[in-house]
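The values are calculated or read from the model by the stated rules, or taken from the named source; none is laboratory data. Nothing here was measured: the structure is a model prediction, and the numbers come from that model. We place every Cβ from the backbone using ideal geometry, glycine too, and count neighbours over all the protein chains shown.
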Amino acid sequence: MANEIVIEVFKRLDNGYKSVEVLDTFKNFSLERNYSKEDTFTLILSVNENNLKTYTADNDTFLLINNKYWLFVDSVKSDDGKKLSIEGKSLLGLVKYRINQKIYDTQATMVSKIIFDLINNNAIDTDAKRKISVFNSIINQDTKSSKIAYQNSYGNVLEEISSLLDEYELGIKEIIASKKEPKVNLVIYSGIDKSKNIEFSTSMENIMNEQYEMNNYSESSVAYVFGEGEGTSRKNVVINDNLTDFARKEVYVDARDLQQTTDDKTLTDAQYKEALTTRGKQKLNEDEKILVLKGDINSHSVLFILEKDYQIGDIVKVRSAIYHLSYTTRLLGITETWDKKGYHITPQLGKESKTILDYLGRR
C-alpha cells in the first residue's frame with residue numbers, strides 16, 4: 001500500500017460538481033475503512049478564512065482520496081480557534097437519510113438479498129424524489145449467506161443493513177464509478193478465510209504496540225423478545241432459555257413493530273415466532289463478549305500486503321506471545337492515518353467495545 005495521499009476537494013454546485021483544490025497541507029488525516037458499515041474520516045486543518053469557506057457541512061463538500069474513495073463532510077468544528085476538525089463518512093453513509101418506506105416481509109430470503117433490496121428499493125431503483133444520485137448501481141456478489149425470516153417497516157435503512165451485515169458477517173464495498181463527481185457502485189460481498197496463510201503477531205514483525213482487551217460486562221446471552229399484542233397476550237419467544245447462573249445474561253427486546261398480518265398476507269404463529277427470533281438474534285449479536293488484540297500494522301513489513309495478500313473482511317490468524325493469545329478473526333476494518341510522524345495503519349482484529357458515539361448512534 002502506498003504511503004502517499006492525495007486529497008482533492010469538490011463542491012456541489014447547481015449544475016454539477018467542481019474540483020476546488022488539491023489539499024497539500026494538513027495537520028492530520030485519518031480514514032477508517034470498514035467491512036460492515038460506512039467508512040469515516042477526520043481531517044485536521046488550520047482555522048483560516050479559506051478553510052472555513054471551503055469546508056462546510058451542508059451536503060456540498062466532498063473529498064476524493066487517492067482517486068479511490070469518495071467521502072462527504074457532515075461536521076466542521078473548532079474547539080480552540082486554531083485547529084479545524086472536519087469529519088464525515090463514505091457515500092454509503094447517505095443511506096442514513098432513507099427509511100424503508102414499504103413493509104418488507106419474507107420467511108426465507110438470503111441475508112445479502114435483503115440488504116440489496118433495502119438499499120435498492122429505497123435509494124436507487126425508486127421514485128425520482130428518493131433516489132440518491134451518488135449511487136450508480138448495487139451488485140450482490142454473495143451466494144452463501146443464510147436464508148432468514150425478516151420483517152421491517154419504516155426502519156432506518158442504514159441501521160437495518162448495518163445490523164444485518166454485522167450479524168451475518170457480510171461486507172459492502174464502494175467501488176468508484178467516476179473521478180469527476182461523487183459516484184460509486186455498491187458491492188455486497190463476503191471476505192475469504194485466509195487464516196492458514198495470513199497471521200498478525202509481533203513474532204512475524206507485522207504488528208506493533210500490542211494491546212489486549214477482554215470484556216463481557218455488556219454481553220447479553222438470553223433474549224426475551226416480545227411482539228404484537230397487549231400485556232400477557234403479547235406474542236413472544238425466548239432465545240437461549242437453557243442458559244443458567246453466570247452464563248445467563250438477560251435482555252428485553254421490544255419487537256411490537258413486527259406484524260403478524262400485513263397488507264397482503266398473514267403469518268402463521270410459527271412464521272411470526274421465526275421473525276421474532278431473527279430480531280432477538282440481532283440484539284444478542286450487538287451485545288457480544290469482547291476479546292480482541294489491538295496494535296499497529298508495521299507499514300514497512302512486506303510479509304503480507306493489504307489489498308494484495310488480504311482484504312478488509314478476510315479471516316486472519318492473530319497470535320500474541322505476551323498475552324498467550326491465539327485466535328482467528330475477521331479483519332473488520334483498517335484505520336489509515338497520515339500525520340507529522342508519517343503513515344500509520346491500525347487494524348480492527350475483531351469486535352471492540354462500543355464508544356459513547358456508538359451508543360448515541362453517531363458512528
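The residues of the range 70-101 that are among the basic types (Lys, Arg) and within 22 Å of the chain's Cα centre (by Cα), listed by number, are Lys89, Lys96, Arg98. When you go through Asp142, Asp166 one by one, which is the residue that is within 22 Å of Leu306 (Cα to Cα) and in a helix (DSSP H, G or I)? Selected residue: Asp166, the only one of Asp142, Asp166 that is within 22 Å of Leu306 (Cα to Cα) and in a helix (DSSP H, G or I).
Against the list (1) closer than 30 Å to Gln259 by Cα; (2) of a type outside the set (Asp, Glu); (3) at pLDDT 95 or above, the condition Leu186 fails is (1). For the residues Lys68, Lys37, Lys18, the requirement of being among the basic types (Lys, Arg) and touching a helix residue (DSSP H, G or I) at 6+ places or on another chain (Cβ under 6 Å) singles out Lys37.
Is it the case that Ala270 is under 27 Å from Ser218 (Cβ atoms) and not charged (D, E, K, R)?
On the way: under 27 Å from Ser218 (Cβ atoms): no; not charged (D, E, K, R): yes.
Considered against the rule, which asks whether it is under 27 Å from Ser218 (Cβ atoms) and not charged (D, E, K, R), Ala270 comes out as no.
When the residues of the range 265-290 are filtered to those that are closer than 20 Å to Leu165 by Cβ and hydroxyl-bearing (Ser, Thr, Tyr), the one that is farthest from the chain's Cα centre (by Cα) is Thr277.
Would you check if Leu84 is under 25 Å from Ala57 (Cβ atoms), assigned by the TED database to the domain that holds Thr25 and touching a helix residue (DSSP H, G or I) at 6+ places or on another chain (Cβ under 7 Å)?
Considered against the rule, which asks whether it is under 25 Å from Ala57 (Cβ atoms), assigned by the TED database to the domain that holds Thr25 and touching a helix residue (DSSP H, G or I) at 6+ places or on another chain (Cβ under 7 Å), Leu84 comes out as yes.
Selection of first residues in the range 53-75 that are in the same structural domain as Glu38 (by the TED database) and over 10 Å from Phe41 (Cβ atoms) and of second residues that are part of a loop (DSSP other than H, G, I, E, B) and of a type in the set (Lys, Arg), restricted to Cβ pairs under 8 Å at least 6 apart or on distinct chains, gives the following pairs, ordered by first then second residue: Leu64/Lys179; Asn67/Lys179; Trp70/Lys183.
Within the range 71-84, track down each residue that is in a strand (DSSP E or B) and farther than 25 Å from Ser36 by Cα. Quick ask: steps written out before the conclusion?
Within the range 71-84, the subset in a strand (DSSP E or B) is 71-77, 83-84.
Matches in the range 71-84: Val76, Lys77, Lys83, Leu84.
Test Asp296 against the stated conditions and say whether it is in contact (Cβ under 8 Å) with a residue 60 or more places away in the chain, touching an Asp or Glu at 6+ places or on another chain (Cβ under 7 Å) and of a type in the set (Asp, Glu). No; evaluated as a whole, the condition is false for this residue.
Among Lys147, Lys129, which is the only one that is over 30 Å from Val20 (Cα atoms), surrounded by fewer than 17 Cβ atoms within 10 Å (Cβ to Cβ) and of a type in the set (D, E, K, R)?
Numbers: Lys129 fails: over 30 Å from Val20 (Cα atoms).
Testing whether each residue is over 30 Å from Val20 (Cα atoms), surrounded by fewer than 17 Cβ atoms within 10 Å (Cβ to Cβ) and of a type in the set (D, E, K, R) leaves just Lys147.
In the range 1-35, the residue that is farthest from Asp166 (Cα to Cα) out of those that are of a type in the set (Ser, Thr, Tyr) and assigned to a loop (DSSP other than H, G, I, E, B) is Thr25.
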